[in-house]
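The values are calculated or read from the model by the stated rules, or taken from the named source; none is laboratory data. This is a predicted model, so every value here is computed, not measured. Here the Cβ positions follow ideal geometry from the backbone for every residue, glycine too, while neighbour counts run over all protein chains shown.
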Number of protein chains: 4
Amino acid sequence: MNFASDNAYGAHPAVLQALIDCNEGAVMGYGADPVSARATAAIRDIFEAPDAEVHFVATGTAANALVCAQLSPGFGRIYCHEDAHIETSECGAPEFFTGGGKLITLAGAMGKLNAGHLQEALRIGAAEGWNGGRNAMLSITNSTEWGTVYTPQEVAALSRISHDAGLPVHMDGARFANAIASLGCRPADLTWRAGVDVLCFGGTKNGAMGAEAVIFFDPELAEGFAYRRKQSGHVFSKQRFLAAQMLALCENGLWTQLALQANAAATRLAEGVARAGGHFLAPVQSNAIFAAIPLAAHQRAVAAGAKYHLWPDASADGSDPVPVRLVTSWNTPDCQIDALVDLLCQGDGA
Amino acid sequence: MNFASDNAYGAHPAVLQALIDCNEGAVMGYGADPVSARATAAIRDIFEAPDAEVHFVATGTAANALVCAQLSPGFGRIYCHEDAHIETSECGAPEFFTGGGKLITLAGAMGKLNAGHLQEALRIGAAEGWNGGRNAMLSITNSTEWGTVYTPQEVAALSRISHDAGLPVHMDGARFANAIASLGCRPADLTWRAGVDVLCFGGTKNGAMGAEAVIFFDPELAEGFAYRRKQSGHVFSKQRFLAAQMLALCENGLWTQLALQANAAATRLAEGVARAGGHFLAPVQSNAIFAAIPLAAHQRAVAAGAKYHLWPDASADGSDPVPVRLVTSWNTPDCQIDALVDLLCQGDGA
Amino acid sequence: MNFASDNAYGAHPAVLQALIDCNEGAVMGYGADPVSARATAAIRDIFEAPDAEVHFVATGTAANALVCAQLSPGFGRIYCHEDAHIETSECGAPEFFTGGGKLITLAGAMGKLNAGHLQEALRIGAAEGWNGGRNAMLSITNSTEWGTVYTPQEVAALSRISHDAGLPVHMDGARFANAIASLGCRPADLTWRAGVDVLCFGGTKNGAMGAEAVIFFDPELAEGFAYRRKQSGHVFSKQRFLAAQMLALCENGLWTQLALQANAAATRLAEGVARAGGHFLAPVQSNAIFAAIPLAAHQRAVAAGAKYHLWPDASADGSDPVPVRLVTSWNTPDCQIDALVDLLCQGDGA
Amino acid sequence: MNFASDNAYGAHPAVLQALIDCNEGAVMGYGADPVSARATAAIRDIFEAPDAEVHFVATGTAANALVCAQLSPGFGRIYCHEDAHIETSECGAPEFFTGGGKLITLAGAMGKLNAGHLQEALRIGAAEGWNGGRNAMLSITNSTEWGTVYTPQEVAALSRISHDAGLPVHMDGARFANAIASLGCRPADLTWRAGVDVLCFGGTKNGAMGAEAVIFFDPELAEGFAYRRKQSGHVFSKQRFLAAQMLALCENGLWTQLALQANAAATRLAEGVARAGGHFLAPVQSNAIFAAIPLAAHQRAVAAGAKYHLWPDASADGSDPVPVRLVTSWNTPDCQIDALVDLLCQGDGA
């Protein structure tokens, strides 16, 4: 019963098969191979962006931090939510890759930035002069770190504010597929048509072994990015194995299918959490559940070996109810969901 | 009528004379000169620290950021007040010099860190694992960015918490002299005896042209610092001119005398601000006043050419009362203080 | 007929099978999984180093640059051969990761450092003072970028000089397996017993998809390395897939078997090159051949689609004979070797 | 008898007087003061460049490294002479400030780059792909580290090659005044009219305490530079004291007068060195002499307390003749020159 993260599960069989399929023979390394070309084409198709420049890396932190370095100078101010992955979970990677960039974090209910707050923050930042650095970029996460989902309209509103201030927009899409699965909209509508300049399109949490695509919808913004990737050790000599993972996900719509499965698993689990007396801290819109559950239920689950994180951190331990984060994946078995729900509800019949 | 900053005023005549005095003849460059040796000795005397390692740089940002790089790796968490100069006013210098360090800012009334909050923050940080980086150092400012002053006991309490967590303690002493002048205690009591490992001892705001001393009370902490200084362009070939400034301040107690003057000017001004109906946002303990003054008084002052900053930023403009920061220096003329007070009070007689 | 690089070929079937084998079920991410533990144990066994600290990354540039950052401060001097991969082929990664480290390159016949030259260079470097930075580390590559191999005695001689100067020793072992296959010695004898402190043990060029192990024989040298890896985006959430690759190579001696195959392929090819009138620029000791071949032979080969690099760069094009680099891999088919040799020799019968 | 460096001597009295003159009263800090404006105007006049953007910093290393960071990304290749100050004497500052830039050093007789070699090196660099980084900028020093001087024609030839390759041109002008004094040409002819995009115009070695001006002839190249300067701690709060130094030198032609004095002192000394049997390693064109002098003469000079450097480093000690570097300054007394010459020649009469 592992609900710790969607990366707790392995890779989809189609991804592994793609590795085997592309393994034959010798090809030129570093991306000059046919699989890389096909994966790029598949991504351009999905995003209706025939000119997009696409780069493959193996980790989400690499993808995000490299884009920060591409869009912000060392003296830049990078605006993001206070719970953004780039702020909380990348060990200072954006600061390191940019050469000193400063993350300006904004509060916002349930993982989402508020347009008014952003506008005000950009205004203050612009007035900073050199003391506080220079406004450089906006980064938003979709689906968010709270499992909520920005609509195209919400993304467009934030992008407009950012562009009006002269700043490009980055979307951390480690769980972009879950957002699409939730909204049912076109990928282009949630990205470049809504003003997103660069998307980190996650594969790892959605069935890849370790693969992300950095998509520059405006190829001019990608100037020099290949060097940056190389200098940080994020170019694979046998790049076909990165590209093949993304290709397997992107061909035949596997990526949305897997995200739908992960979201459906969350819905199933959420129903059980509700039955168990859980109180939701955020609406369940993708594949993550944030809820306060009765302490006794939590203790039964943990005792039975269930794995998940307290929220926002372990200091929540012992409170009643106890706030938790439960993440489902494309591969979380229904039986494990049901087993967890049974544990959570068990005390009710007594 | 300039109350914008204590660096609005020039250098003390004794500092300029010291430049002239040390100008004669050829000496070896880069610190191997007799003036540098004398300045180091004078500082060791003041701090009763015969083994301290002393480095001279020209700006406070250089001093602070170099110390951050010395005490924190790129993946380090640097704890400081949310209004700390290293956070608000150095354009990301600590992040740049450390190679990506993350400033963890804590709220705290009137510019001072709260010991309990610090302890809790360090506990959370230690539990971060690599996601959030590793606890690296504590930085405190004395006198603070709000003009308040930590006592030796308060410094010792914060240092103890930091040391208990294995972290060294940096003091940003851009206005250290003002703190000493306010407290009347021994410099050693406010620094190494209270657990401070490294002090950036400011000269610039206290009558120098541009000179700060970085003092490592434990010389082992300074390992390699000379290279770091050189690599960042902060080694002067004609270092005697940096050292001479600090020497002029440190010999004969000029540094405390100037700070007493600056503090006294603030006291004089504060009395006037009170008479003008100002409401103090923080106790006036050194050479800075934070007060909300009647809008009409503010408008009269500005119209007459008085210069000072709204607080925390220009967005306060138009409110009534209007929050302002007024900084005095060793050289602020009494007549200008009185002139400002007259302007602020003018409406009263009407 | 691809002799461009040993990374032109794919992954060994056992490596792919290992990915499938470890794919089942949910495990904790980021290295806290059983496959990572087994791979670490296997590596410790191979190197007779039960206390070694082992980290897995996906690329050789990441491995090398992270180690440079671990062993050298930003102001460090990193000694290496002028043809070292860290100098010629990593786009400044060591400089970036260290925060400004300077590579001090030394000439040396056929890719190997000369002990006397190293000693002299270290002496000069130590006398630099801060102008030139501080001596920080030695990096040697085995097998070298010229396909030659350092013996344990040669490694020990260089290590001794480095250690005598207080510097740790890094070995870039992207083709370490080929060196072992060539020498037939114990891995421990070629590394820590010969004074190597940290080895980047390559998997990618030896049958992995993309996997390298950074081995700290002295775990104290690894202090903080996990954070460094994370901050640069080189931690895989699903790390089992990195570890499984190394495990597949390390269990049952596959890694040496594959290297023996690659070396044997080079020997087979070298015989043909000799027959074709090629003149060897370096002895063929591992899986790379450096030779000057008749221009006509070269032109026939290229016309027939053979792929390999001119040496040291494309400017050699048109000279007669033309210097080339031919690299074989564990998977280079004998028939392709023979086909290339036939092309090279073809004119002889005319 | 100090001939170690032109920074061994102090500041010109006019520079010190300028500090006193600008000391009165309160002004806004960080460059918004009238002295900064006047110094900028004076420099624009000298260079016939009314639109140039001018920044003041205190050290030559800061000036050079900041310009490198401005013109080169972290993955950039920076072309310079192998004896360039940025390569030999800045402790890796360019690498640090750029975030990993690589200095590509070229040999060249007597400190000067050869146009043909540069062209070939740029060609090779352009072919590197990402392995070796991307061609980014050219840096030349005038007068050179060997005391020789590039003519406007020579600068123009190098600039043309650089510009043809798309690279901007930086001139390290720590001793630019000495070059102008030597050539007698217009500063504009030796800089922007000859293709120089950015000049680091040195004051420190020419009579300032510590002041350099970074001059962007194309202000667009300066975009964001103020932030960069701030983030590296190179903004002075009391900037008037930096600007005043440059103003003192630039008004009334003092800067060329002092350089003429320094050059004349070198000429006087060179005549003596010739009389003492010295063999010149480079023509004496500015204020530095590189010569091999009889060992006995050297030993007499050292025994009498003369200070200067062996060349290229102390390892030359003991050879006969012994290669030395002798540097004169605007303030080197004739009597000391004559005293040194007497020592060198002393043995002749015996």
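Observations on the structure shown:
- Among the residues of the range B:110-137, those that are away from every other protein chain (no Cβ under 11 Å), without any contact (Cβ under 8 Å) to a residue 60 or more places away in the chain and within 30 Å of B:PRO323 (Cβ to Cβ) comprise B:LYS112, B:LEU113, B:ASN114, B:ALA115, B:GLY116, B:HIS117, B:LEU118, B:ALA121.
- Subset of the range D:4-21 (residues that are of a type in the set (Asp, Glu) and either part of a helix (DSSP H, G or I) or at positive phi (or both)): D:ASP21
- Among the residues of the range D:109-122, the ones that are touching a helix residue (DSSP H, G or I) at 6+ places or on another chain (Cβ under 8 Å) and either at pLDDT below 95 or surrounded by 19 or more Cβ atoms within 10 Å (Cβ to Cβ) (or both) come to 4 in all.
- Residue that is surrounded by the most Cβ atoms within 10 Å (Cβ to Cβ), among those in the range A:249-279 that are in contact with a His (Cβ under 9 Å, 6 or more places away or on another chain) and under 23 Å from A:ASN64 (Cβ atoms): A:LEU249
- Within the range A:33-45, if we keep just the residues that are farther than 28 Å from C:GLN239 by Cβ and small (Gly, Ala, Ser), the residue that is farthest from the other protein chains (Cβ to nearest Cβ) turns out to be A:ALA41.
- Only listed residue being buried (at least 21 other Cβ atoms within 10 Å of the Cβ), more than 30 Å from C:GLY100 (Cβ to Cβ) and free of Cβ contacts under 8 Å to residues at least 12 places away in the same chain, chosen from D:ALA39, D:ALA32, D:ALA26: D:ALA26
- Selection count, the range D:46-58, where residues are more than 11 Å from every other protein chain (Cβ to nearest Cβ) and either free of Cβ contacts under 8 Å to residues at least 40 places away in the same chain or closer than 28 Å to B:GLY29 by Cα (or both): 4
- Cβ pairs under 8 Å, 6+ apart, first in the range A:1-22 and within 9 Å of chain C (Cβ to nearest Cβ) and within 18 Å of C:ARG240 (Cα to Cα), second acidic (Asp, Glu) and assigned to a loop (DSSP other than H, G, I, E, B): A:GLY10/C:GLU24
- Residues of the range A:305-321 that are crowded, with 20+ Cβ neighbours inside 10 Å and assigned to a strand (DSSP E or B): none at all.
- Positions within the range A:225-246 being free of Cβ contacts under 8 Å to residues at least 40 places away in the same chain and touching a Lys or Arg at 6+ places or on another chain (Cβ under 9 Å), in sequence order: A:TYR227
- Filtering the range B:77-93 to residues that are farther than 23 Å from D:LEU242 by Cβ and at the interface with another protein chain (Cβ under 8 Å from one of its Cβ atoms) leaves only B:THR88.
- Filter result for C:PHE225 (closer than 19 Å to C:THR40 by Cα and away from every other protein chain (no Cβ under 14 Å)): no
- The lone exception for C:GLY99 - which of (1) farther than 22 Å from C:GLY147 by Cβ; (2) touching a strand residue (DSSP E or B) at 6+ places or on another chain (Cβ under 6 Å); (3) within 14 Å of chain D (Cβ to nearest Cβ) it fails: (2)
- Residue within the range A:64-76 that is more than 9 Å from every other protein chain (Cβ to nearest Cβ), surrounded by fewer than 24 Cβ atoms within 10 Å (Cβ to Cβ), more than 27 Å from D:ARG229 (Cα to Cα) and at pLDDT 95 or above present: no
- Evaluated against (1) surrounded by 22 or more Cβ atoms within 10 Å (Cβ to Cβ); (2) of a type outside the set (Gly, Ala, Ser); (3) without any contact (Cβ under 8 Å) to a residue 24 or more places away in the chain, C:THR61 falls short on exactly one condition, (3).
- Of the helices (runs of 4 or more DSSP H) lying entirely inside the range A:54-134, the ones with 3 or more residues being over 15 Å from the mean Cα position of the chain (by Cα) and not charged (D, E, K, R) are found at A:60-71, A:93-98, A:115-126.
- Flag if A:PRO152 is in contact with an Asp or Glu (Cβ under 7 Å, 6 or more places away or on another chain) and either free of Cβ contacts under 8 Å to residues at least 24 places away in the same chain or closer than 30 Å to B:HIS85 by Cβ (or both): no
- Qualifying residue in the range A:235-253 (condition: in a helix (DSSP H, G or I), at pLDDT 95 or above and at positive phi): yes
Table: residues versus (1) under 30 Å from D:ALA18 (Cβ atoms); (2) buried (at least 23 other Cβ atoms within 10 Å of the Cβ); (3) at pLDDT below 95.
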position	(1), (2), (3)
D:GLY133	no, yes, no
D:THR141	yes, yes, no
D:THR144	yes, yes, no
D:ALA179	yes, yes, no
D:SER182	yes, yes, no
D:CYS185	yes, no, no
D:ALA194	no, yes, no
D:ASN206	yes, yes, no
D:ALA211	yes, yes, no
